[in-house]
Amino acid sequence: MKLKSLLLVGGALLSGTAASAGGFQVSLAGIKNNGMGGVGTGLALDQASMFYNPGALAMVRERGVQIGANATFARQAFRAENGTEDRTLRNSVVTPFSLFAGFGPAEGKWKAGIAVYTPFGSKLQYAEGWEGRFSLTDIDLKSIFVQPTISYAITENLSVGVGVAVLAYGAVNLQRDVPTTNGQGQNGHVELDGKAENKVGFNAGIYFKPSEKLSVGVSYRSKIDATVKGGDVTFSNLPEAAKPSFQATEFDVTIPLPATASIGIGIMPTEKLTLAIDVNHVQWSKYRALNFKFNNNVGGAGITSSTSKRYYQDALTFRLGGQYALTEAFTVRAGGSYDMSPVKDGYVSPETPDANRIGGTLGVSYKAGEHFSVDVSTQFISIMKRSQTQAELQDNGTTDRVAGTYKTSIVIPGIGFNYTF
């Protein structure tokens, strides 16, 4: 058994089928923003500005607390090269959540706040006996970021802000079958389970509103290296003859969570109508390879490390959205997005079966009284069909992946509750 085949499962660290962005990035922070195609860099909608553009927080009129949650329902199909049957994933639901609390003087120049959000998370469970079971069968990923934020209005039209983005919790569980049969003709199994170390980055932005009808924002979220040290490796169902080749009990690995630069424009033709455009540039090219170290043998005597090629490329996401106040109580939203995949041809892997994706969104808010409101959003994401051949994998030296065709569609309902004061 080749070591790179064994370790492909580890490539899923902090990845999976991301809900609303390419690669393993997820952008589901604000429920209002979700209903508008994910725009937010050039707007000061509410306390979720701490995620999209900390510089806009000082321009948010009301102090408040909001909580939100989403549920991702994905349908993914895989057909092996020269195969005739589609393999679909077992049903699983992921529930990214967020909390934003903003404070400060009502008429002052500054605002401060705390943000808690889950920008990376996934759960994939492939069909029993699928062709890529020796690469991946299951992934369960969780992450929580905490971001204290401060924002200051330099003038009535210009504000800046910065947040300390802390990877407060990260956990991953990855599983695959081992192609070594026992006496009953069953395959072995390996499970990798680990927690990421706490790491610190930053999220900074500038917000400029030259008139009542126009606003512009620029933001930058820094790269963070997510590192697992001493994660557990568990082998099961191995025949006695194979056990000396699989003695590892711990693994170490580091994966870059890429930096994102964004620019956004908000246009307010009337008091009731807001339109916005965002462009995000994600620096995926920093992700060149995935390197593992083990404390003992994996796949053969003396083999305790491995490298899996990634060679991602930088990618752009284009977002468009708007909202319209029907009445004082009801506001409706709609939007769309086009997300370019960072994964090159011949590098698609089961834990990140990524391709260019098109999204459409809808949303509505209901204001129940002076201080309380409810937001609802729904996103529809279509990850375009993408194929790779065994010849491409051989040419790229990426035969630790599976030749075939992937197609994924995702529905993401969300709900949020807001209290302002």
Farthest toward positive dipole pole in the range 3-420 [+1 Lys/Arg, -1 Asp/Glu at C-beta], among Leu45, Val253, Phe292: Leu45
Theoretical gain in end-to-end length, Tyr419 to Asn198 [0.36 nm per residue, Cα-Cα removed]: 76.5 nm
Point-charge dipole on Cβ atoms (K/R +1, D/E -1) for the chain, about Cα centre, debye to 20: 420
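How would Lys272, Lys344, Lys111 line up from fewest to most surrounding beta-carbon atoms within 10 angstrom?
Numbers: Lys272 12, Lys344 16, Lys111 26.
Starting with the residue having the fewest Cβ neighbours, the order is Lys272, Lys344, Lys111.
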Span from the the range 128-183 Cα centroid across to the the range 47-109 one, whole angstrom: 12
15 Å reach of a label modelled at His189, 7 Å along Cα-to-Cβ, counting backbone N of the range 115-146: 125-130, 133-140
Length released on extending from Val332 to Arg288, taking residue separation times 0.36 nm less the Cα-Cα span: 11.6 nm
Distance (nanometres) between label positions extended 7 Å along Cα→Cβ at Tyr311 and Ile263: 3.0
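Expressed in nm to one decimal, what extension gain is obtained for the pair Ser222 and Asn237 from 0.36 nm per residue of sequence separation less their Cα-Cα distance? It would help to have the intermediate numbers written out before the result.
Working: separation 15, 0.36 × 15 = 5.40 nm, distance 4.26 nm.
Length difference between fully extended and current span is 1.1 nm.
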Taking all pairs of distinct alpha-carbon atoms in the range 3-420, Kirkwood radius in angstrom: 22.2
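For the range 202-245, how big is the tail of P(r) above 16 Å, as a whole percent of Cα pairs? Walk me through the numbers before you get to the answer.
Working: 661 of 946 pairs.
Here the tail beyond 16 Å accounts for 70 percent of pairs.
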Nearest-0.05 FRET efficiency for Thr88 and Phe318, computed from C-beta distance (R0 35 Å): 0.70
Inter-site label distance for Leu214 and Ile154 at 7 Å from Cα along Cβ, in nm: 1.8
Alpha-carbon Debye profile of the range 31-94, log10 I(q)/I(0) at 0.14, 0.23, 0.27 Å⁻¹: -0.59, -0.95, -1.13
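Given the DSSP H assignment, sum -39500 (n - 2.57) over each helix run of at least 4 residues in the chain and divide by its residue total; what's the result at 222 nm in deg cm²/dmol, nearest 500? Mind showing how you got there, number by number?
On the way: 4 runs with 20 residues, N = 421.
Value at 222 nm, helices only, nearest 500: -1000 deg cm²/dmol.
Bear in mind that the values in this text are calculations on the coordinates, not laboratory data. For clarity, every value in this text was computed on a predicted model and none was experimentally measured. In this analysis, Cβ positions are derived from the backbone assuming ideal geometry, glycine residues included, and neighbour counts consider all displayed protein chains.
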